[in-house]
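Novice: I have a structure I would like to understand better, so I am pasting it below and will then ask my questions one at a time.
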Amino acid sequence: MLTNAQEIELDPVPELPPPNWYTDPTDESQYRYWDGSVWTDHCAPRYAEETRGRLRSVGALLRDSFALMCRQWRGNTVAALVWAAGQILVVLLLLLSVDRILMGEFGELWDRVNEPGFDPTTRENEAYFESLEFDFSVLNFVPAVLGMMISWVAGSFFAATPAILALGDLRENLPRLSSTLRQALKRVPRVMGLQFQFALVAVAALALVVLAALVSPFLLIVLIPVLLAAVVLSIPIIYLAYVVASAGPRELSLRYVIRLVRGRFWGVLGRISAVVLIAVVFSFAIGAVLGLATSALGGILAQAISLGVSGVVGLLTTIASAIVYSDLGGESE
């Protein structure tokens, strides 16, 4: 029994939120009622259909994407220039690595291979190829690895910037361009992490195909259509996941997207797949025209035009995905 009053210090009890409707921690598409101490079973849709908005048609999606790309041309141009610089730099660094591996003979090899009427089977060329020496030391691969890392960062920045610009424009909450670019730079690690996850899935799928081929050809015949169907069905998830990683809430991108498209998956799949298909057909058409006109334009100019077309196509598909994400009621940071 205490005879004297003593002061006992206790850790402060954290103050709980007041009773109210809050976003359901297990399902972002609905609200759940918090009674002040525990979550109740009372739920309500978070996005009414009129609030989420109807998904735009493919034509409207393409039209609005192009208009938004033009409206935010400054930020999109910066992102495209960073991406193009990364592509050029990776080529230069790869060539530097090749030249070091060939011990300074790359220039001579290039000139010889590009001579009119080059024939590798002649005695002179065979003797030249046999005389080549290689240096596979680790340091010679450093420029190539550095170039690929720079290209990866530049590509991730290129993926993040138009998504941030698009969502800010659609919601009339666009910060200054400098702030947008800083935000995109901060999101680069998240985009790279998402790409790494996709790479792991691709490697696992490839390993599964190899294993199936070793076990039984019949198993391979069954597996390949299944994997192709999985790739097609994952198209909206992949593109929307990039938007979440670039400008969405800071949680697992894939899990968030799966919840977001619940109940509207087929509509999202049709629209994003159509945009991607149109972009691919457009790219192939431009590539075919450039292939025929290479002699007239010159190889460097044709490559520059091809790079520009790839950049525009990448911007349009990213912006279209951001518009679909906004129509679904996806949140932004």
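Novice: Out of all the residues in the range 271-286, which are of a type outside the set (D, E, K, R), in contact (Cβ under 8 Å) with a residue 24 or more places away in the chain and surrounded by 15 or more Cβ atoms within 10 Å (Cβ to Cβ)?
Specialist: 272, 273, 274, 275, 276, 278, 279, 283
Novice: Moving on to the next point. Could you give every pair whose Cβ atoms fall below 6 Å, whose first residue belongs to the range 56-71 and is open to solvent by 40 Å² or more (accessible area, probe 1.4 Å), and whose second residue is among the small types (Gly, Ala, Ser), counting only separations of at least 6 or pairs across chains?
Specialist: So the pair list comes out as 58/274.
Novice: Could I ask something else about it? Any residue in the range 91-106 that is surrounded by 15 or more Cβ atoms within 10 Å (Cβ to Cβ), free of Cβ contacts under 8 Å to residues at least 60 places away in the same chain, closer than 30 Å to residue 155 by Cβ and among the hydroxyl-bearing types (Ser, Thr, Tyr)?
Specialist: First, pick out the residues of the range 91-106 that are surrounded by 15 or more Cβ atoms within 10 Å (Cβ to Cβ): 93-102, 105-106.
With free of Cβ contacts under 8 Å to residues at least 60 places away in the same chain added as a condition, the list becomes 93-102, 105-106.
Applying the additional criterion that residues be closer than 30 Å to residue 155 by Cβ yields 93-102, 106.
Of the ones still in play, those that are also among the hydroxyl-bearing types (Ser, Thr, Tyr) are 97.
Looking through the range 91-106, at least one residue is surrounded by 15 or more Cβ atoms within 10 Å (Cβ to Cβ), free of Cβ contacts under 8 Å to residues at least 60 places away in the same chain, closer than 30 Å to residue 155 by Cβ and among the hydroxyl-bearing types (Ser, Thr, Tyr).
Novice: I need the full set of residues from the range 10-32 which are open to solvent by 70 Å² or more (accessible area, probe 1.4 Å), more than 20 Å from residue 328 (Cα to Cα) and modelled with pLDDT of 75 or more, in order please.
Specialist: Matches in the range 10-32: 16, 18, 19, 20.
Novice: Can you tell me how many residues in the range 308-333 are assigned to a helix (DSSP H, G or I), open to solvent by less than 50 Å² (accessible area, probe 1.4 Å) and either modelled with pLDDT under 90 or among the small types (Gly, Ala, Ser) (or both)? If you could, list the steps in order and put the result at the bottom.
Specialist: At the first step, the residues of the range 308-333 found to be assigned to a helix (DSSP H, G or I) are 308-327.
Now drop any that are not open to solvent by less than 50 Å² (accessible area, probe 1.4 Å), which leaves 308-309, 311, 313-327.
With either modelled with pLDDT under 90 or among the small types (Gly, Ala, Ser) (or both) added as a condition, the list becomes 308-309, 311, 314, 320-322, 326.
Summing the residues that are assigned to a helix (DSSP H, G or I), open to solvent by less than 50 Å² (accessible area, probe 1.4 Å) and either modelled with pLDDT under 90 or among the small types (Gly, Ala, Ser) (or both) in the range 308-333 gives 8.
Novice: Okay, next question. Within the set of pairs 6 or more residues apart or between chains, which connect a residue that is among the charged types (D, E, K, R) inside the range 181-203 to a residue that is open to solvent by less than 50 Å² (accessible area, probe 1.4 Å) with Cβ atoms less than 6 Å apart?
Specialist: 187/160; 187/246; 190/245
Novice: Also: If you go through the range 131-140 one residue at a time, do you hit one that is touching a residue at least 40 places away in the same chain (Cβ under 8 Å) and out of contact with any strand residue (DSSP E or B) (no Cβ under 6 Å at 6 or more places or on another chain)?
Specialist: Kept after step one, since they are touching a residue at least 40 places away in the same chain (Cβ under 8 Å), are these residues of the range 131-140: 140.
Imposing the further condition that a residue be out of contact with any strand residue (DSSP E or B) (no Cβ under 6 Å at 6 or more places or on another chain) reduces the set to 140.
Yes; the residues of the range 131-140 include at least one that is touching a residue at least 40 places away in the same chain (Cβ under 8 Å) and out of contact with any strand residue (DSSP E or B) (no Cβ under 6 Å at 6 or more places or on another chain).
Novice: Separate question: Note down all Cβ pairs under 9 Å where the first residue falls in the range 243-264 and is within 23 Å of residue 188 (Cβ to Cβ), the second is open to solvent by 80 Å² or more (accessible area, probe 1.4 Å), and they're at least six residues apart or on different chains.
Specialist: Filtered contacts from the range 243-264: 244/252; 247/333; 248/333; 249/333; 250/333; 253/197; 254/197.
Novice: Please go through the range 38-51 and give me each residue that is modelled with pLDDT of 55 or more and open to solvent by less than 70 Å² (accessible area, probe 1.4 Å), ordered by number. Write out each step before concluding.
Specialist: Our first condition is that a residue be modelled with pLDDT of 55 or more; within the range 38-51, this holds for 38-46.
Within the range 38-51, 40, 43, 44, 46 meet the criteria.
Novice: Here's a follow-up. State yes or no: is residue 169 within 30 Å of residue 323 (Cα to Cα) and of a type in the set (Asp, Glu)?
Specialist: Values: within 30 Å of residue 323 (Cα to Cα): yes; of a type in the set (Asp, Glu): yes.
Yes.
Novice: Next question. Checking residue 200 against (1) within 30 Å of residue 174 (Cα to Cα); (2) within 15 Å of the chain's Cα centre (by Cα); (3) of a type outside the set (Gly, Ala, Ser): exactly one of these is not met. Which one?
Specialist: (1)
Novice: I would also like to ask the following. When residue 219 is evaluated against the numbered criteria (1) at pLDDT 90 or above; (2) open to solvent by 20 Å² or more (accessible area, probe 1.4 Å), which criterion, by number, is the only one it fails?
Specialist: (1)
Novice: Among the residues of the range 142-177, which ones are within 11 Å of residue 318 (Cα to Cα) and either open to solvent by 70 Å² or more (accessible area, probe 1.4 Å) or in contact with a Phe, Trp or Tyr (Cβ under 6 Å, 6 or more places away or on another chain) (or both)?
Specialist: Within the range 142-177, 158, 159 meet the criteria.
Novice: Turning to a different aspect of this structure: I need a count of the residues in the range 66-120 that are within 25 Å of residue 134 (Cα to Cα), of a type outside the set (Asp, Glu) and in contact with a helix residue (DSSP H, G or I) (Cβ under 8 Å, 6 or more places away or on another chain).
Specialist: 18
Novice: For the range 112-128, indicate whether the set of residues that are touching a residue at least 24 places away in the same chain (Cβ under 8 Å) and either open to solvent by less than 50 Å² (accessible area, probe 1.4 Å) or hydroxyl-bearing (Ser, Thr, Tyr) (or both) is non-empty. Before the answer, list the steps.
Specialist: Narrowing the range 112-128 to residues touching a residue at least 24 places away in the same chain (Cβ under 8 Å): none.
Taking every residue of the range 112-128 in turn, none turns out to be touching a residue at least 24 places away in the same chain (Cβ under 8 Å) and either open to solvent by less than 50 Å² (accessible area, probe 1.4 Å) or hydroxyl-bearing (Ser, Thr, Tyr) (or both).
The values are calculated or read from the model by the stated rules, or taken from the named source; none is laboratory data. On a predicted model such as this, the values are computed, not experimentally measured, just so you know. Glycine gets a Cβ as well: all are built from the backbone with ideal geometry, and neighbour counts include every protein chain shown. Side chains included, ligands, DNA and RNA excluded: accessible areas come from the protein's heavy atoms. Shrake-Rupley method; radii C 1.70, N 1.55, O 1.52, S 1.80 Å.
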